[in-house]
1. Exactly one condition in (1) at pLDDT 95 or above; (2) within 16 Å of the chain's Cα centre (by Cα); (3) assigned to a helix (DSSP H, G or I) is false for Q155; which is it?
2. Taking only segment 410-449 into account, find how many residues are of a type in the set (V, I, T) and closer than 14 Å to A246 by Cβ.
3. Starting from residues that are small (G, A, S) and modelled with pLDDT under 90, keep the ones in segment 50-71 and report whichever is nearest to the chain's Cα centre (by Cα).
4. Is it true that I371 is of a type outside the set (G, A, S) and out of contact with any Gly (no Cβ under 8 Å at 6 or more places or on another chain)?
5. Please state which of the following conditions F258 fails to meet, knowing it meets all the rest: (1) within 21 Å of the chain's Cα centre (by Cα); (2) farther than 19 Å from I389 by Cβ; (3) surrounded by fewer than 19 Cβ atoms within 10 Å (Cβ to Cβ).
6. Confirm whether D226 is crowded, with 17+ Cβ neighbours inside 10 Å, in a helix (DSSP H, G or I), of a type in the set (D, E, K, R) and touching a strand residue (DSSP E or B) at 6+ places or on another chain (Cβ under 9 Å).
7. Of a type in the set (S, T, Y), under 30 Å from K395 (Cβ atoms) and at pLDDT 95 or above: is that true of S150 in this structure?
8. For segment 293-406, which fully contained helices (runs of 4 or more DSSP H) count at least 3 residues that are closer than 27 Å to A165 by Cα and either in contact with a helix residue (DSSP H, G or I) (Cβ under 6 Å, 6 or more places away or on another chain) or not acidic (D, E) (or both)?
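The values are calculated or read from the model by the stated rules, or taken from the named source; none is laboratory data. Everything quoted here is computed from the prediction, not taken from an experiment. Methodologically, a virtual Cβ is constructed for each residue, glycine included, from the backbone with ideal geometry; neighbour enumeration extends over all protein chains shown.
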Amino acid sequence: MKGLYRGGAILATLTVAGGLLAGCGTGTNNASNGTAGTNATTNSTNTAAGSGAGGVVNIVWAAPPITHTGLRQTLISKFNAEHPNIHVTLQDQNSNTDTNRASLTTTIGGGAATPDVYMGDVVWPAQFASNQLAMPLNGVVPSNFFNRFSKGLVQGATYQGKVYAAPFFADSGFLFYRKDLLKQAGLPVPTSWQQVQQEAETLQKKGLVQYGFVWQGASYEGLTCDFTEYLTDAGGQVLNSSGKAAIDSPQAIKALTFMRGLITSGVTPKSVINFQEPQSEDVFVQGNAAFLRNWSYAWSDSQNNKSSKVVGKVGVTVLPTFGGASGYSTIGGWDLYINPHTQHTQAAVTFIDWMTNTQAQTILAKQFSEIPTNAQVANDPSVQAVSPIFGLVSKTHYVSRPDQNPNYPAISKALYTNVNAALTGSVSVSAALQQAQTQINQAASGGGL
C-alpha cells in the first residue's frame, strides 16, 4: 500500500483515527447535468484581499500528495486556464493524515483566511464542523449542486443536517476473486456472503487453494470499515438517528457471528485477527487465497506488480449481501472543504464546483485512475472501460462509517477493539457487542474510553 490510506481515515502506517466514482463535460452552468448555477460559479468574487493585478482573485488549495504525481497541478492548471479571474495556488500538505489534520486545525482554528479550500478525509465533516473549521455548503451553493454526486456520498459529508464537504474522489471495498479457480471448480461468481463461504470451503476441500477468504480483522480502523459493511447489510447500524449506540442488536449479532464463523470454519485463517490491508492483499496476490475484500487499489497491485502470482487470474465484483441485490461498501476517499474564514467564498465555490464537475472528474478517472464522485462520470461507458473497478462504481451501495459524531475516533476505537475481541474468541459475540454499546455511548458523549 502506497501513500495515503485509500480507505480514508488512516494512513499506510495504519494509525487510528487519521483514516480511498464516471461523461464528458466542461463544467459549465448547466442545471440539467447537476452543475452549480450561476450564483455559485460567477467570477465576480470578493476581491478585498488576496487579489492580484487586473482584479484576479488568488486562492490557495491545501492538499497532500495524491497517489499520482502531477494530478494536483494538472487540475490546477486546467482550472486556472479556464478561469482568468481566479488563480489557484497549491499549498502542499503532509502526506500523513494525522499531521495534515493537526496542521489545518491549528491554522484554521487560529482564524487564518488561507488556505481557502483544503482536501480532507471523508471522516472529518463532523469533527471539523463542530469546531468551526469548515464552512457549511448549504446556502453558498445551489441545492442542485449535491445532485451530481453518487448516492450515499453526500450523506457521508453531512453533519446535523448540513453538508460540510464536497466529495472529491472516492474509494470503497470490493470482492476480488480467483476467476481461474472458480472456473476450474465449475463455480459461479458469488453474490451472497453465504455463497462466498460455501465456495471458499469447496475450493479448499478440492486442494485448489490454501485459504478461502481474507480480509481486515486487526484491531484498527480498517476493521470498523469491514464490520460496517456486514452490519449495514444485515440491517443494523452503529448509531441510531438520535446519535445513541445501537450496536447491541440482532442485526449486529448476525454480522459479527458470520465474521467469527469465517474464522472458526477455517475459511479465513486465524491470523486474520492481525491482518490489515497489506497483509490480506499479500496473501491474495501470492496466490494463497480464493477471495479478498480490499480497496480498489488491490486490482492494480494484483495485476501490475512484478511479484504478483495472480496476474490474469483475478476478477472483481461488488461486495456480496446476506440477501438482496448487492451489499454495502464503506466510503473511503477525500473531500473538498472551504475554510470558514476565507475572504473569497465565491471563488472557493467556483473551484470546488469545477473540481467535482464532469471535466475534472473525467480527468481524475481517465488520466489518474481515481474513482470519481460525480455520478454522470461514473456512468460514462468510456470511463467504465478504463478499469473493471470503474465498471462497478455505479453498482456500488455506499455507506459511511459512524462518523456523524465529532468524537468519531473514539467511537471507532470502541467498535473495532470489541469486534476484534470477538474475532479472537476471547469474548463471546454478545458480550463484545454489549461492551461496545457501553463504550460507544461513552465515546459519543465525549467521555473517551
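1. (1)
2. Residues meeting the conditions: 3.
3. Across segment 50-71, the extreme among qualifying residues is G50.
4. For I371, the condition - of a type outside the set (G, A, S) and out of contact with any Gly (no Cβ under 8 Å at 6 or more places or on another chain) - is not met.
5. Unmet condition: (1).
6. yes
7. Answer is no for this residue.
8. Correct list: 345-355, 358-368, 375-378, 390-393.
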